[in-house]
Amino acid sequence: ANFRHVDEEFFENLEEALIESDVGFEMAVSISDQLREEVKLQNAKSKQDVTNVIIEKMVDLYEQQGKDEHTEINFAKSGPTIILFVGVNGVGKTTTIGKMAAMYQKQGKKVLLAAADTFRAGAIQQLQVWGKRDNVPVVAGPEKSDPAAVVFDAVSKAKKENYDVLFVDTAGRLQNKVNLMNELEKMKRIISREIPDAPHEVLLVLDSTTGQNALSQAKLFKESTDVTGIVLTKLDGTARGGIVLAIRNELHLPVKYVGLGEQVDDLQAFDASEFVYGLFKGLVEPTK
Amino acid sequence: MAFEGLTQRLQDTMAKLRRKPKVTEADLNETMRDIRLALLEADVNFKVVKDFVKQVRTRAAGAEVLKGLNPAQQIVKIVNEELTKMMGEEAVDLNKSEKIPTIIMMAGLQGAGKTTTAGKLALKLKNDQNARPMFIAADIYRPAAIDQLEQVAESIDVPVFQLGTDVDPVEIVRQGLEQARDQHNDYVIIDTAGRLQIDEKLMDELANIKKLADPDEILLVVDAMTGQNAVETAQGFNDKLDITGVVLTKLDGDTRGGAALSIRAVTGKPIKFVGQGEKMDDLDVFHPDRMASRILGMGDMLTLIEKA
Ligand SMILES: Nc1nc2c(ncn2[C@@H]2O[C@H](COP(=O)(O)OP(=O)(O)OP(=O)(O)O)[C@@H](O)[C@H]2O)c(=O)[nH]1
Ligand SMILES: Nc1nc2c(ncn2[C@@H]2O[C@H](COP(=O)(O)OP(=O)(O)OP(=O)(O)O)[C@@H](O)[C@H]2O)c(=O)[nH]1
Ligand SMILES: [Mg+2]
Ligand SMILES: [Mg+2]
């Protein structure tokens, strides 16, 4: 039978699904307008056709914005690769480092962690637990000490002892806190001073339950630390993280990894079409 | 930012209305559209927005123009009143048990701010009531969760009951409560691990802790930056635990915090406190009127009424 209900109601549902996925109102309207056009243009009639057109177009829209971007992790040509983690409080920075460190360790790389969150209670111990799990060393300083000093020590150690990858864990901070953002900039400056083309990645960790504020997070972290990519965490929950579409559109930041749980293996490279299906949950089904 | 654009638009619409003696159907539609947009941009759940706008519209359409207020002022006033009403009445205090200890259980998604808020509440109880609270460390999953709670506790000089990470949380709570009774602590705050509301096993664990401890207060801790999903989270926890209150954290950021309205609308449970920073004294009682203005992004509503 023909899929007769590719009518107004279908597109209204589509728009609502997008809003519910935190894509944002304006973006949701603009996307569903484009999808409506595309479905008409391609003369899609069966439900399967419509689904295909929609998913293709969405992935297309996502990828258009990222023609010149690296979705892979950028490695140093020689010497240690430094990956700096930034983001607001509680999004999953430390956990993601634990997961990524394990991944590289398994690939045979020599991995080092820097506990540059000297502020939050238990933060150093938390990273140390991950270090033990992953079997990688952790550079740490005293609690409440200057995080920039920890960063300096870790970079020196990474250079001297020929580490392949150094992950720098920083304290969560809200993007509107100027002093804390300056502190972060300082850490980044120290890294660049020690290794001119470092940090090779500055990963902004975003919690997929976050709504429109994630756009402000991306903007302000990008301004102060020149973010190179996003890790979208907690996608194992019911939130869909649609705001990364708006971030992609406005700031051209690619999502590099997604977090799917609290365990070490719960990390995956970002897959645009899987992500897009997630946005429309139940409304359109993946092609088998 | 997008917010400012919307606020501006709402203000422009209001300015247009100001000069009119009477609000037409079209005026009302335009205003309602702007309000709908502003609320969506503030992350209020879209179903909640729909209901809200309908309510305001009905009231606005039927309203007699009050003496001394022009139509624009009138609409702002209605919106503000309805928002505040929906947000709950004035600040609601912590529940207190007839006999000690009063038991408070923290619950919520991962990273929402449970452990930090547990610390803030204990300090507040100490300061306000000279209380002798005790923590129970019932998060055996997150790496170094117990270290974190112990450091928080030490900074405010509150004891922690813990049995490491190899004992079942329900058993930890059982033994912890025993000790609290022996040592006559007047408050017990149970720190639980973050979990997804769809994680049946871990939600059952919370239900079992509740059954055993019969808490006087079950506080759902929610990140103020949460988007549309706040509704699902709040519903999930409330269905399972029948929560008694909500704490909204990280309001020191630049989020509009529309999640507050969503949670309130779907659970009907009071928001009792707001977290305004990482330090132990960054906890405030919740003010519905301030939250209403914040969500609408209008600054002080009353000033706006004057300007309109
Ligand atoms: N369900 C789920 N939980 C996660 C994920 N990533 C992290 N978490 C949990 O989220 C909570 C916070 O994670 P952290 O890694 O401590 O976050 P953070 O950004 O380092 O936090 P701060 O350093 O306090 O700013 C922990 O309970 C983690 O186990 C994920 O992908 N899915
Ligand atoms: N800026 C700000 N940060 C906060 C606030 N409340 C908590 N935090 C921070 O948010 C992060 C997570 O807080 P936790 O107390 O560890 O959260 P949790 O819910 O116990 O996390 P899990 O146990 O992993 O589920 C930490 O970095 C806290 O310092 C707040 O009101 N404002
Ligand atoms: Mg951390
Ligand atoms: Mg905790």
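The values are calculated or read from the model by the stated rules, or taken from the named source; none is laboratory data. None of these values were measured; they are calculated from a predicted model. Note that each Cβ is placed from the backbone with ideal geometry, even for glycine, and that neighbours are counted across all protein chains shown. Side chains are part of the model used for accessible areas, which takes the heavy atoms of the whole protein and leaves out ligands, DNA and RNA. Shrake-Rupley method; radii C 1.70, N 1.55, O 1.52, S 1.80 Å.
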Once the Cα atoms of helix B:169-182 and of chain B are each reduced to a long axis, what angle between those two axes, in degrees from 0 to 90 to the nearest 10, is obtained?
80 degrees
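From the helices alone, meaning DSSP H stretches of at least four residues, give me the mean residue ellipticity at 222 nm for chain A, per-run term -39500 (n - 2.57), in deg cm²/dmol to the nearest 500.
Values: 10 runs with 136 residues, N = 288.
Counting only the DSSP helices, I get -15000 deg cm²/dmol.
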What Rg and what Dmax come out for region B:228-276 when only alpha-carbon atoms are used, in angstroms?
10.5, 31
Write out the trypsin sites (Lys or Arg not before Pro) in region B:19-120 meeting two conditions: DSSP loop, and at most 11 other Cβ atoms within 10 Å of their Cβ.
B:Arg19, B:Lys22, B:Lys67, B:Lys99
Sort B:Leu283, B:Leu212, A:Leu166 from largest to smallest accessible area, using a 1.4 Å probe on the heavy atoms of the protein chains.
B:Leu212, B:Leu283, A:Leu166
Rounded to the nearest 10 Å², what accessible area does B:Ile140 have for a 1.4 Å probe in the complete protein model?
30 Å²
Surrounding net charge for A:Arg248, when Lys and Arg each add one and Asp and Glu each subtract one, Cβ distance under 10 Å
-3
Work the Kirkwood hydrodynamic radius out for region A:2-90: mean of 1/r over every pair of different alpha-carbon atoms, inverted, in Å.
15.8 Å
In whole Å, what three semi-axes, largest first, describe the equivalent ellipsoid of region A:39-144 built from its Cα gyration tensor (square root of 5 times each eigenvalue)?
41, 17, 13
Report the normalised scattering of chain B as log10 I(q)/I(0) at q = 0.06, 0.07, 0.15 Å⁻¹, calculated by the Debye formula with identical scatterers on the alpha carbons.
-0.24, -0.32, -1.06
Helix B:25-41 against the longest principal axis of chain B: what's the angle in degrees, Cα atoms only, rounded to the nearest 10?
30 degrees
Hey, could you get me the Stokes-Einstein D for region B:177-308, Kirkwood radius over alpha-carbon pairs, 37 °C and 0.692 mPa s, rounded to whole µm² s⁻¹?
200 µm²/s
Could you tally the net charge around B:Leu149, taking each other residue with its Cβ under 9 Å from the Cβ of B:Leu149, Lys/Arg +1 and Asp/Glu -1?
-4
Convex hull volume per residue for region B:160-224, taking Cα atoms only, in Å³
107 Å³
Sites excluded, GluC sites (Glu not before Pro) in DSSP loops with at most 13 other C-beta within 10 Å, longest stretch of chain A
A:162-288
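Just to confirm the filter: which trypsin sites (Lys or Arg not before Pro) across region A:182-282 are DSSP coil and have at most 14 other Cβ within 10 angstrom of their Cβ?
A:Lys281
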Would you mind getting the Kirkwood hydrodynamic radius of region B:76-153 from its Cα pairs, rounded to one decimal in Å?
15.2 Å
Quote the accessible area belonging to A:His200 in square angstrom, nearest 10, computed with a 1.4 Å probe and with ligands, DNA and RNA left uncounted.
10 Å²
Given just the C-alpha atoms of region B:101-254, how large is their convex hull per residue in cubic angstrom?
107 Å³
Under the rule of at least 5 residues apart or a separate chain, name every residue whose amide H is placed under 5 Å from the amide H of B:Gly227.
A:Thr210, A:Gly211
Karplus couplings for region A:30-35 from phi (6.51 cos²θ - 1.76 cosθ + 1.60, θ = phi - 60°), rounded to Hz, Gly and Pro as x?
5, 5, 5, 4, 5, 5
What list of whole percents do you get for P(r) of the protein assembly as shown, with Cα-Cα distances grouped in 10 Å bins up to the one holding the largest distance?
3, 16, 25, 25, 19, 9, 2, 0
Under a 5 Å amide H to amide H cut-off, with H placed in plane at 1.01 Å, what residues pair with B:Thr102 once short-range neighbours are removed?
B:Ser97, B:Tyr187, B:Val188
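Given the -39500 (n - 2.57) contribution per DSSP H run of 4+ residues, what per-residue ellipticity at 222 nm results for chain B, rounded to the nearest 500 deg cm²/dmol? Walk me through the numbers before you get to the answer.
Values: 12 runs with 160 residues, N = 308.
Here the helix-only value at 222 nm equals -16500 deg cm²/dmol.
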Checking region A:28-110 for trypsin sites (Lys or Arg not before Pro) in a loop per DSSP with at most 11 other beta-carbon atoms within 10 Å yields A:Lys67, A:Lys77
By the Kirkwood definition, with r running over pairs of different Cα atoms, region B:1-160 has a hydrodynamic radius in Å of 19.8 Å
Treat chain A as a sphere of radius equal to its Kirkwood radius over Cα pairs and apply Stokes-Einstein at 4 °C in a medium of 1.567 mPa s; give the translational diffusion coefficient in µm²/s, rounded to a whole number.
65 µm²/s
B:Arg142, B:Arg264, reordered so the largest accessible area comes first (probe 1.4 Å)
B:Arg142, B:Arg264
Report the equivalent ellipsoid semi-axes for region B:19-95 in whole Å, largest first, defined as the square roots of five times the eigenvalues of the gyration tensor built from alpha carbon atoms.
25, 17, 9
Over 15 Å [Cα-Cα, region A:96-158], rounded percent
47 percent
Need one number for region A:214-288: average projected area of the convex hull over its C-alpha atoms, nm².
5.8 nm²
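Which whole-number percent is the relative contact order of chain B (Cα, under 8 Å, 6+ apart)?
Reported relative contact order: 25 percent.
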Which sequence of A:Leu184, B:Leu163 reflects their accessible areas, 1.4 Å probe, from the largest down?
B:Leu163, A:Leu184
Would you mind computing Rg(Cα) / (2.2 N^0.38 Å) for region A:205-245, counting N as its residues?
1.13
